[in-house]
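Remarks on the structure that follows.
Read the figures in this text as sums done on the coordinates, not as results from a lab. In this text, all values refer to a predicted model and were calculated from it rather than measured experimentally. Here the Cβ is made from the backbone with ideal geometry for all residues, glycine too, and neighbour counts use every protein chain on show.
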Amino acid sequence: MKLTRMKLALCCLALATSSGLAAAQSKPLRVGMTLSEIPTTSGQPDGGFEGYRFTGYTMYDALVNWKMDDPNGPTTLVPGLATEWKVDDKDKTRWIFRLRKGVKFHDGSDFNADAVIWNLEKLFNKAAPQFDPKQTAQARGRILSLRSWRKVDDYTVELTTDAPDSTFPYQTTYVFYSSPAQWEKVGRDWAKFAFQPSGTGPFRLERLVPRERAELVRNSSYWDPKRVPKSERMILLTIPEATTRASALLSGQVDFIEAPPPDFIPRLRAQKFQITSNVYPHIWPYFMSFKEDSPWRDLRVRKAVNLAIDRDGIIKLLGGFAAPAAGAVDRSSPWFGAPKFQIKHDPAEARKLLAEAGYTKDKPLTLKVLVSPSGSGQMLPKPMNEYIQQNLKDVGVNLELITADWEQLRNCRRAGAGAPVCQGAHGINNSSATVDPFSAFKRIYSSGAVPPNGFNYMYYMDPALDTMIEKAHNTFDERARDQWLARVHTYIVDQAIDVWVVHDVGPRAMSPKVKGFVQVKHWFQDMTPVYVAD
Amino acid sequence: MLYYILRRVLYTLPIAFGVSIVVFSLIHLAPGDPLSAVVGEVDAKLLADMRAYFGYDKPLYLQYFIWLANVATGDFGSSLRSGQPVINVLLPAAGNTMTLGALASLVGFSLGIVAGMFAGYNHGTWLDKVVSSTAITGVSMPHYWLAIILVIVFSVELGWLPAMGIGNAPSLLSFETLKHMILPALALAAIPCAIIARTTRACVMEILNMEFVEALRARGLSERRIVLHVTRNALPTVLAVIGLQFAHLLAGSILVEVVFSWPGTGYLLNLAIFDRDMPVLQGTLLLLSMFFVFTNLVVDILQTWADPRVSRA
């Protein structure tokens, strides 16, 4: 009898706990995004990495996912829809991906090799009925090595690259898999699919109101039990205006916002709102021209400009929400290496180097940089650029800021230094993501990436660096590859190729009731453990 | 009257055509690529491929005629960003803007007319001074600044009204939507209210000094009847200003809609500009221009009704 009572009490306790938890989790999590439009929901999100964060990794999976639960370490690759992947020992362009069995799309259809092939055709085969140029536009620039694809069996696919590329698994993290069955069901129409999408992710879309909101609900049968969302419903709201976003949080209209304005942070803190931040693979730089007429070809000038900038002052200007850059990647990255050139604020040394390079008060150095008033990842460009202008003036460098629209700046980056769209600038202030080895190094610093083939805006062409980059891409042992990437980074810092200023730390603010958010060192964040408690 | 209306409607056709050319040219003259914001991180080579796919590699005049031919059949194209037909994006946004504009007009115009009338009749008194100084403040105040102040006071500090959005009610005519509309409508109404108050005041003062008012008084008409005469005489001028202000409310609410994340045409336009979503941008600008043309047409007709001399001019 005693045992029975005990069991009953335990049952009651369990019931009470679980119902309490259920009640806590049943409150919707309302998120204020900085985007003014809901990122596309049909598979490949637009809206940059914010789109990947909110309608990509929430509703979909890639073959290879990112590990998003460790706030301290660098974010690494983990199995997603593929349980393992391996390059062929004999043919290093051939990759075999073993697919996870038992995964279902939100509509109940099976995920298998046919679905992988169908999705790759959706992106890269213009003749395929499911070809969607808008999704292609989002994905194509991120998986450039992919040449062909083939089904081996129901749960194995073979992907080949156009050259050996050890970084290929990173590229696969940008391709999401939509349900072929659902596309058929909605009449083979991607515009309709966007309103009734079906992926394999931990959330599924229940309601979409363009430009206003997307309501995502928990996918209880998600294949990874550890990532079944704690919150039953997550509502994504578009609030591009920073003050409105913070006001909406303060007035209880939302629970979680991205990029609170620095002026509001003391007040949010005072009212017990949680503020989180963490450095992530982002760099706020000046990419400078190495063309014939550019003063940037002189190493002393490059080092002097890097040494003239007071990064701590800029961080203070940003309310403490930035990390000083000592290179293209953060010091905590396995690719940082051991550069000899220490990037710090040393105006005396900067003046000395400029004098050695022949620039004096009578013959000052003038640099023209194209800047934008706003833009993705640009932080607060106007005050930051004006601060740098003042820093450079202190060492005798005239920095002329040419303000251009964000899209014009991006076009200049694509077209390369010296292009008419660049308005005679020596450089551009265009923030950059350094998430994976390809986007961090090869697409920016290799000779093969000069326009129109890549983002080597600078026309920096250095056979020594090319060799190191190729070595990294041809090294299939992960640790050894990271060592090569560290050498690449060491080299570019020692050559002071760019001006590296700060890394963003992605501040976020949330109500004291929001629990479970772990901000990792990445552009993408896991929203599955986040919920609003009572 | 009918002939006059027909003539005015016919005038709008060349205006609409001219507007379409200006809209198209301005968008294409602006720096940037029509696809650059839509395609994300792609290099110049891939961008050229995509441009060809979407037909942006064709000569500009050809793109214009293709677009115009489609618009003439009611096809505004599809959004480059979302793939949705522009008309499906545009109509709900226009509905939201019109609803907000209607409330702002109701508040702004009625308050402006009443305040202006009072100030005009009580010229030189403390009431006139209060109305005039408030009107000057209203005209001088940027509406986006007022919007932010309203949010801080009524949402953040007092917690009475929502700070943003349109709510989640299924219909625009609901209490929840109304709650979301109050602050943006107030922010929008401030400037038109002030302008109309000043115009009405000036008109009333001018009319009160006219000889016919003296004559009416001499004939022993009550002040109430005189007010009616003055109002009737002030109406054409006030109507003209109201017409312009109403069109401004519909077309010029970009900043207020962005501050409040109100999903109207202003917000859509802002989005389309940043995304270089040409079909949406062209469709929205054309619609907003048509708002102006149509509002002017309606005002012209109303003015003719209020003062038949206008149609004979």
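Ranked from highest to lowest mean number of other Cβ atoms within 10 Å per residue, what is the order of the peptides B:62-69, B:79-86, B:229-236? Intermediate results must be reported in sequence, preceding the final value.
Values: B:62-69: 14.5, B:79-86: 23.5, B:229-236: 18.5.
Peptide ranking by packing, descending: B:79-86, B:229-236, B:62-69.
If I stretch the segment between A:SER447 and A:ASP154 completely, what's the gain in nm (0.36 nm per residue apart, minus their alpha carbon distance), one decimal?
101.5 nm
In µm²/s, what is D for segment A:184-264 at 10 °C and 1.306 mPa s, where D = kT/(6 pi eta Rh) by Stokes-Einstein and Rh is the Kirkwood radius from Cα pairs? Walk me through the intermediate numbers first.
Working: Rh = 14.7 Å.
So the translational diffusion coefficient is about 108 µm²/s.
Can you pull the mean other chain C-beta count within 10 Å for peptide B:82-88?
Details: counts 14, 12, 5, 1, 0, 0, 2.
What the average comes to for B:82-88 is 5.
Given segment A:461-531, report the % of alpha carbon pairs whose separation exceeds 14 Å. Walk me through the numbers on the way to the answer.
Working: 1797 of 2485 pairs.
Result for the distance tail: 72 percent.
I want to check the label-to-label distance for B:PHE65 and A:LYS291. Put each point 7 Å from Cα in the C-beta direction and report it in nm to one decimal.
Placing both labels 7 Å beyond Cα along the Cβ direction yields 3.7 nm.
Within 10 Å of each Cβ in peptide A:133-146, how many partner chain Cβ atoms are there on average? Round it to a whole number, please. The partial results should precede the final answer.
On the way: counts 8, 10, 1, 6, 13, 5, 2, 8, 8, 3, 0, 3, 0, 0.
Across A:133-146, the average partner-chain Cβ count within 10 Å equals 5.
Mind checking the dipole of segment B:93-275: about its Cα centre, +1 per Lys or Arg Cβ, -1 per Asp or Glu Cβ, Debye to the nearest 20?
Working: 9 positive and 9 negative charges, 113 e Å.
Dipole about the Cα centre, nearest 20: 540 debye.
For a quick check: with amide H placed at 1.01 Å from N, whose amide H comes under 5 Å from A:VAL152's, ignoring anything fewer than 5 positions away on the same chain?
Amide H to amide H, under 5 Å and 5 or more residues apart or across chains, A:VAL152 pairs with A:VAL157, A:GLU158.
Out of residues 5 or more away from A:LYS368 or on other chains, whose amide H comes under 5 Å of its own, with H placed 1.01 Å from N in the peptide plane?
Those qualifying (amide H under 5 Å, at least 5 residues apart or on another chain) are A:GLU400, A:HIS426, A:GLY427.
Suppose we keep just the DSSP beta bridges with both residues in the protein assembly as shown; what percent of those would be antiparallel, to 5? Walk me through the numbers before you get to the answer.
On the way: 50 of 67 bridges.
So the antiparallel bridges amount to about 75 percent of the total.
So if each residue of separation counts as 0.36 nm, and I subtract the Cα-Cα distance between B:ILE15 and B:PHE294, what length gain in nm does that give? Write down the numbers at each step before the final one.
Details: separation 279, 0.36 × 279 = 100.44 nm, distance 1.08 nm.
Length gained, B:ILE15 through B:PHE294: 99.4 nm.
What is the helix-to-structure angle for A:463-473, meaning the angle in degrees between its Cα long axis and the longest Cα principal axis of chain A, kept from 0 to 90 and rounded to the nearest 10?
10 degrees
Starting from a Cα-only point model with no solvent, please compute log10 I(q)/I(0) by Debye for segment A:28-169 at q = 0.10, 0.14 1/Å.
Those come out to -0.38, -0.75, one per q.
Does segment A:51-90 come out rounded, prolate or oblate by the C-alpha gyration tensor, with a ≥ b ≥ c the root eigenvalues, rounded set by a/c under 1.5 and, if not, prolate when a/b is larger than b/c and oblate if not? Don't jump to the answer; show the numbers that get you there.
Details: a/c = 2.96, a/b = 1.44, b/c = 2.06.
Taking the square roots of the gyration eigenvalues as a ≥ b ≥ c, segment A:51-90 is oblate.
How do B:ILE149, A:ILE469 rank when sorted from fewest to most other Cβ atoms within 10 Å of their own Cβ? All intermediate terms of the calculation are to be shown ahead of the outcome.
Working: B:ILE149 12, A:ILE469 26.
Ascending number of Cβ neighbours within 10 Å: B:ILE149, A:ILE469.
How large is ³J(HN,Hα) for each residue in segment A:106-118, as worked out from phi by the Karplus curve 6.51 cos²θ - 1.76 cosθ + 1.60 (θ = phi - 60°), to whole Hz, x for Gly and Pro?
For segment A:106-118, the Karplus curve yields 4, 7, x, 7, 7, 8, 7, 4, 4, 5, 5, 4, 4 Hz.
Calculate, in nm to one decimal, what A:SER220 and A:ALA270 gain on full extension: separation in residues at 0.36 nm each, minus their alpha carbon distance. Could you put the intermediate results ahead of the total?
Numbers: separation 50, 0.36 × 50 = 18.00 nm, distance 3.71 nm.
That works out to 14.3 nm of additional length.
Each residue of segment A:29-45 in turn: what ³J(HN,Hα) in whole Hz from Karplus with 6.51, -1.76, 1.60 and θ = phi - 60°, glycine and Pro shown as x?
9, 9, 10, x, 8, 8, 6, 9, 9, 5, x, 4, 10, 8, x, 8, x
Any of A:LYS67/A:LYS442; A:LYS104/A:LYS513; A:LYS340/A:LYS442; A:LYS126/A:LYS151 with alpha carbons more than 26 Å apart? Name them for me. Please report the intermediate quantities before stating the final value.
Values: A:LYS67/A:LYS442 23 Å; A:LYS104/A:LYS513 33 Å; A:LYS340/A:LYS442 22 Å; A:LYS126/A:LYS151 19 Å.
Correct reply: A:LYS104/A:LYS513.
Within 10 Å of each Cβ of B:162-170, how many other protein chain Cβ atoms are there on average?
Working: counts 5, 14, 12, 10, 4, 2, 6, 0, 0.
Per residue, the number of nearby Cβ atoms from other chains is 6 on average.
How many angstrom lie between the C-alpha centres of segment B:253-274 and segment B:136-159?
Centre-to-centre (Cα) distance: 17 Å.
Enter the angle in degrees (range 0 to 90, nearest 10) between the Cα long axis of helix A:406-415 and the first principal axis of the Cα atoms of chain A, meaning the one along which they spread out most.
That helix lies at roughly 70 degrees to the long axis.
Tell me whether segment A:317-437 comes out rounded, prolate or oblate; compute the Cα gyration tensor, take square roots of the eigenvalues as a ≥ b ≥ c, and use a/c under 1.5 as the rounded threshold. List each step's numbers first, then the result.
Values: a/c = 1.56, a/b = 1.06, b/c = 1.47.
Since a/c reaches 1.5 but b/c is at least a/b, the shape of segment A:317-437 is classed as oblate.
With the alpha-carbon atoms as the only input, what is the per residue convex hull volume for segment B:1-144 in Å³?
Numbers: hull volume 29.0 nm³, N = 144.
For segment B:1-144, the hull spanned by Cα atoms encloses 202 Å³ per residue.
Just to confirm a number: summing +1 for Lys and Arg and -1 for Asp and Glu over residues other than B:HIS123 whose beta-carbon lies under 15 angstrom from that of B:HIS123, what do you get? Each step should come with its number before you reach the end.
Details: positive: B:LYS129, B:ARG198, B:ARG201; negative: B:ASP128, B:GLU206, B:GLU223.
Net charge around B:HIS123: 0.
Which distance in Å, rounded to a whole number, links the C-alpha centroids of segment B:50-74 and segment A:174-189?
So the two Cα centres are separated by 29 Å.
Roughly how tilted is helix B:175-208, in degrees to the nearest 10 and between 0 and 90, from the longest Cα axis of chain B?
Taking Cα atoms only, the helix is inclined about 50 degrees.
Under a crude label model (7 Å from the Cα following the beta-carbon direction), how far is B:LYS58 from A:ARG147 in nanometres?
3.7 nm
Could you line up B:ILE15, A:ILE38 from fewest to most neighbouring Cβ atoms inside 10 Å? Intermediate results must be reported in sequence, preceding the final value.
Working: B:ILE15 15, A:ILE38 26.
Starting with the residue having the fewest Cβ neighbours, the order is B:ILE15, A:ILE38.
Once amide H atoms are built 1.01 Å from N in the peptide plane, which residues 5 or more positions from B:GLY83, or in another chain, come under 5 Å H to H?
none
Work out from phi, with θ = phi - 60° and the Karplus expression 6.51 cos²θ - 1.76 cosθ + 1.60, the ³J(HN,Hα) of each residue of segment B:103-115, listed in order in whole Hz, and give x for Gly and Pro.
Residue by residue, segment B:103-115 yields 5, 4, 5, 4, 5, x, 5, 5, 5, x, 5, 4, 5 Hz.
Just the number: Rg to Rh for the protein assembly as shown, Cα atoms, Kirkwood Rh, two decimals.
Expressed as Rg/Rh, it is 1.02.
Per DSSP helix of 4 or more residues, -39500 (n - 2.57); summed, then divided by the residues of chain A. What does that give at 222 nm, rounded to the nearest 500?
Values: 16 runs with 157 residues, N = 534.
The helix contribution divided over chain A gives -8500 deg cm²/dmol.
Please give the Cα centre distance for segment A:493-534 versus segment A:193-240, rounded to the nearest Å.
20 Å
In terms of the ratio Rg/(2.2 N^0.38 Å) built on C-alpha atoms, what value belongs to segment B:156-313?
Taking N as the residue count of segment B:156-313, the ratio is 1.37.
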